[in-house]
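> Take this structure, written in structure tokens, and hold onto it; I'll ask about it next.
The values are calculated or read from the model by the stated rules, or taken from the named source; none is laboratory data. Because the structure is predicted, anything quoted here is derived from the model rather than measured. With ideal geometry, Cβ positions are generated from the backbone for all residues, glycine too; neighbour counts draw on all protein chains shown.
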Amino acid sequence: MARYTGPVTKKSRALGQSLTGYDKYFEKKSYGPGQHGPSKRKKQKSDYALQLMEKQKAKYTYGILERQFRNIFSDAHRKSGKTGEILFQLLEARLDNTVYRLGLSSTRRGARQLVSHRHVVVNGKLVNIPSFRLKPGDIISVKGNSQGLDFIQHKVSQKSEVRRFTWLEWNSDKMEGKFLAYPTRDLIPEVINEQLIVELYSK
């Protein structure tokens, strides 16, 4: 399973925002990477550079490589509606992202590991593909014999803010969540300009 495994904080610094939520290392050095420290000169970025930066933000935020991201964009482009909004709806519908949003992991990387290590069930069937695309009404739950694992019990017991998302429903007693609907763009908290991504791929 191809995925980016390099330093995430370095990517966050290069793109100017934390890609994984709160990151104490990014907060300490929020300027661009490099041995000479923060540059006092600010270069004017071209339109292409700005578009590329937004695409990179989306890719590294959701943990997706170029070919997979382009395929998701193509799927979004074929659907009727705003391509940028549909793109983010498809990204949010990924199983690993939904496991993260439900609060079963504090990072998307951790959520991807939960799925690939066979701890997650969708509609009663074991699914170990992080990119599995959910549909409204799908039930996501922790596998029966995985529910007693300490790290899962710890995350479930926490009053996590990531469960505030209105397109998801969570039942702590059953350790299961429900993907209610595709979220509208204004409900998705990621600070990314999707229109610049559309412009980049439309060239």
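> Go through 192, 152 for me and flag whichever is modelled with pLDDT under 90 and crowded, with 18+ Cβ neighbours inside 10 Å.
Values: 192 fails: modelled with pLDDT under 90.
Testing whether each residue is modelled with pLDDT under 90 and crowded, with 18+ Cβ neighbours inside 10 Å leaves just 152.
> Need a quick list: helices (runs of 4 or more DSSP H) entirely within region 97-203 having at least 2 residues that are among the acidic types (Asp, Glu).
Because the criterion is at least 2 residues that are among the acidic types (Asp, Glu), the helices (runs of 4 or more DSSP H) in region 97-203 that meet it are 194-201.
> Same structure, new question: For region 148-162, indicate whether the set of residues that are within 19 Å of residue 76 (Cα to Cα), in contact with a strand residue (DSSP E or B) (Cβ under 9 Å, 6 or more places away or on another chain) and in contact (Cβ under 8 Å) with a residue 24 or more places away in the chain is non-empty. Can you show your working first?
Taking region 148-162 first, the residues within 19 Å of residue 76 (Cα to Cα) are none.
So far as region 148-162 goes, no, none of its residues is within 19 Å of residue 76 (Cα to Cα), in contact with a strand residue (DSSP E or B) (Cβ under 9 Å, 6 or more places away or on another chain) and in contact (Cβ under 8 Å) with a residue 24 or more places away in the chain.
> Are any residues in region 99-120 surrounded by fewer than 18 Cβ atoms within 10 Å (Cβ to Cβ), of a type outside the set (Lys, Arg) and out of contact with any Phe, Trp or Tyr (no Cβ under 9 Å at 6 or more places or on another chain), and if so, which ones?
113, 116, 117
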